[in-house]
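Structure, as C-alpha cells:
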Amino acid sequence: MFVYEKKLQYPVKIKNTNPALAKFIISQYGGPDGELGASLRYLSQRYSMPYPELKGLLTDIGTEELGHLEMIGTIVHQLTRSMTPEQIKKAGYEAYFVDHTAGVYPTAASGSPWNAAGIGVKGDVIADLTEDMAAEQKARVTYDNILRLCDDPDVSDVIRFLREREIIHYQRFGEALRLATEKLDQKNVYAINPAFDK
Amino acid sequence: MENMDMQTGCSYKQGVLPGCSPLALSQTPPQQSSEPAYKSGEALSRGTLFPGLDLPFKNIVNQMPAETTELRELMALDFVTSELGLYLDTHSGDTQAFGTFQSFLKLYDEGKKEYVARFGPICLSDLVSAKSYTWLKDPWPWDYSGETEG
C-alpha cells in the first residue's frame, strides 16, 4: 500500500506566473515520457518479475516517480495559479485553459491526453528492463529540451534535479539487467523467460 | 587520479565490465562503491548522492541556496536514504553502504520528529500524540512559496 508524505522530494518555489512554460512542462505530467507513465510502467511491471532485486527496484523507482509527478504538478500549478486572461492569451494557453481552467490535467504538450500506449509491460525480464532504460533516456532528453526552452531559474533548478534522477535510474536498471541475466544460461540468455517459464 | 580503485585501476567515474559477456545483451558497468559521496545538502541540490553519476546538461549545476530551511534539511536527509536505497537494491551485499544507509535513517528519524513538533505532521501517523487534527493545516506541498516553507 502507499502512505502519503506531506512534503515534496525537492523544493518547488516559483515566484513568477508563466503559462507559456506550463504549456510544455505539462508534458512531463501526462506526456509519453512523463512521470505518470514512468510510475505506472514500473509499478505494473514488477508483478511478473521473478527476482527480489527487480521487485524491489521497480517498486522503489516507481514510488519515486510518483513523487516526481507531484513535483511536475506543483510546477504547473505554481506557474498558472495567478494567471490573468491577458497572460493566457499572450502565452497561447487558451486551448488548455478553456478545457481545464487552472487545473492540472495529465496531457502531453502536443495535446493528447495521457495514454497507456506510451508505456510497455511485456512480462519478460530482458524486454521490460530494456524498455525501462530507454524510458529513462527519453525522459532525460525531454528534460534537456525543457532546459533549452526554460527562462525561469526557479523552474530550471527543479528540472535539473529531475533530469539527474533519470541518469541514476538508468544506471540502476542497467545494474538490475546485469544481475538478472547473470542468473540465466550464459550460453543462451534467451533460452527462457524467467518471468514466465518456471 | 583521485579515488582510483586499487584492484581495477578505474576511477569513481568508471565501472568494470567482465572480460567475457554474452552477445546480444546491453551491458552497464556496475557502480563500484557508494563512495565518494556528496554531503546531504549538496546531494539534494545535485539530484544525486554520487559524484561519479553526476552528469549535468551543458555542465550547468544547481547552486546550493544561500539560506537553508528546516524542510530542505529534512528533504536532504530523506533524499540520501532513498538514493542509498536504490543503490542497495542492486548492491545488497555492500555492508558499508548499508551502515551509511542506517545512519541516515536515524538522522532522518530524529530530524522528522523535530520538524513535526514545530510545523505539523508529514504522515497521518505523526498525529499519534497531537492535541488536534492538524493534518489539514496549510500549506500543502504544492502551495509552497518563499514565505510558507518550513
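Values in this text are rule-based calculations from the coordinates and carry no lab data. What you see is a predicted model; the values in this text were computed from it and never measured. We place every Cβ from the backbone using ideal geometry, glycine too, and count neighbours over all the protein chains shown.
With the dipole of region B:1-141 worked out from charges on the C-beta (+1 for Lys and Arg, -1 for Asp and Glu) around the Cα centre, which of B:V80, B:A117, B:L107 lies farthest toward the positive end?
Value: B:A117.
Need one word for region A:88-149: rounded, prolate or oblate. Basis is the Cα gyration tensor (sqrt eigenvalues a ≥ b ≥ c); a/c below 1.5 gives rounded, then a/b vs b/c decides.
Since a/c reaches 1.5 but b/c is at least a/b, the shape of region A:88-149 is classed as oblate.
Please give the charge dipole size of chain B, origin at the Cα centre, charges +1 on K and R Cβ atoms and -1 on D and E Cβ atoms. Round to the nearest 20 debye.
Here the size comes out at about 120 debye.
So what J values fall out for region B:39-51 if you push phi through Karplus, 6.51 cos²θ - 1.76 cosθ + 1.60 with θ = phi - 60°, rounded to Hz, Gly and Pro as x?
5, 4, x, 6, 4, 4, 4, 6, x, 7, 7, 10, x
In which sequence would B:L107, B:L127, A:L69 go, from the one with the fewest C-beta neighbours within 10 Å to the one with the most?
Working: B:L107 18, B:L127 15, A:L69 22.
Ordered from fewest to most neighbouring Cβ atoms within 10 Å, B:L107, B:L127, A:L69 come out as B:L127, B:L107, A:L69.
Let me confirm one metric for peptide B:38-49, namely the mean number of other chain beta-carbon atoms within 10 Å of its residues' beta-carbons.
Across B:38-49, the average partner-chain Cβ count within 10 Å equals 3.
I'd like the FRET efficiency for A:D99 and A:S44, computed as 1/(1 + (r/R0)^6) with the beta carbon distance as r and R0 of 41 Å, rounded to 0.05.
That pair, A:D99 with A:S44, gives E of 0.90.
Rounded to the nearest 20 Debye, what is the dipole magnitude of region A:57-198 about its Cα centre when Lys and Arg each give +1 and Asp and Glu each give -1 at the C-beta?
180
Please identify the helices of chain A, taking whole runs of DSSP H, that span at least 27 Å along their own axis as judged from the Cα atoms and have a mean Kyte-Doolittle score of 0.0 or higher.
Taking the DSSP H segments of chain A (at least 27 Å long, mean hydropathy at least 0.0), we get A:52-80.
Across bins of 10 angstrom width beginning at 0, how are the C-alpha pair distances of chain B distributed, in whole percent?
Each 10 Å bin holds this share of Cα pairs: 9, 29, 31, 18, 9, 3, 0.
Among A:A127, A:Q137, A:W114, whose Cα projects farthest towards the positive end of the dipole of region A:99-197, with charges put on the beta-carbon of Lys, Arg (+1) and Asp, Glu (-1)?
Farthest towards the positive end: A:A127.
When B:I122, A:I159 are ordered from fewest to most other Cβ atoms inside 10 Å of their Cβ, what list results?
Ordered from fewest to most neighbouring Cβ atoms within 10 Å, B:I122, A:I159 come out as B:I122, A:I159.
Taking a ≥ b ≥ c as the square roots of the Cα gyration tensor eigenvalues, with a/c under 1.5 meaning rounded and otherwise prolate when a/b beats b/c, else oblate, which class fits region A:1-113?
prolate
Please work out how many pairs of lysine residues in chain B are eight or more positions apart (or on different chains) and have Cα atoms closer than 20 angstrom.
Pairs that pass both the separation and distance tests number 8.
Can you tell me the 0 to 90 degree angle between the C-alpha axis of helix B:95-119 and the longest principal axis of chain B, rounded to 10?
Helix B:95-119 sits roughly 20 degrees off the main axis of chain B.
Subtracting the Cα-Cα distance from 0.36 nm times the residue separation, let me have the gained length for B:S11 to B:S103 in nm, one decimal.
On the way: separation 92, 0.36 × 92 = 33.12 nm, distance 2.62 nm.
Gain on stretching B:S11 to B:S103: 30.5 nm.
In debye, nearest 20, what is the charge dipole magnitude of region B:1-54 about its Cα centre with +1 on Lys and Arg Cβ and -1 on Asp and Glu Cβ, if you could check?
My answer is approximately 100 debye.
Counting C-alpha atoms alone, how compact is region A:35-82: give Rg to one decimal and Dmax as a whole number, in angstrom.
Rg, Dmax (Cα atoms, Å): 13.7, 49.
Report the full-extension gain for the segment B:T95 to B:T68: residue separation times 0.36 nm, less the Cα-Cα distance, to one decimal in nm.
6.6 nm
Taking every pair of Cα atoms in region B:64-150, average 1/r, invert it to obtain the Kirkwood radius, and report Rg/Rh to two decimals.
Values: Rg = 15.3 Å, Rh = 14.7 Å.
Over the Cα atoms of region B:64-150, Rg/Rh equals 1.04.
Per residue, what volume in Å³ does the Cα convex hull of the protein assembly as shown take up?
157
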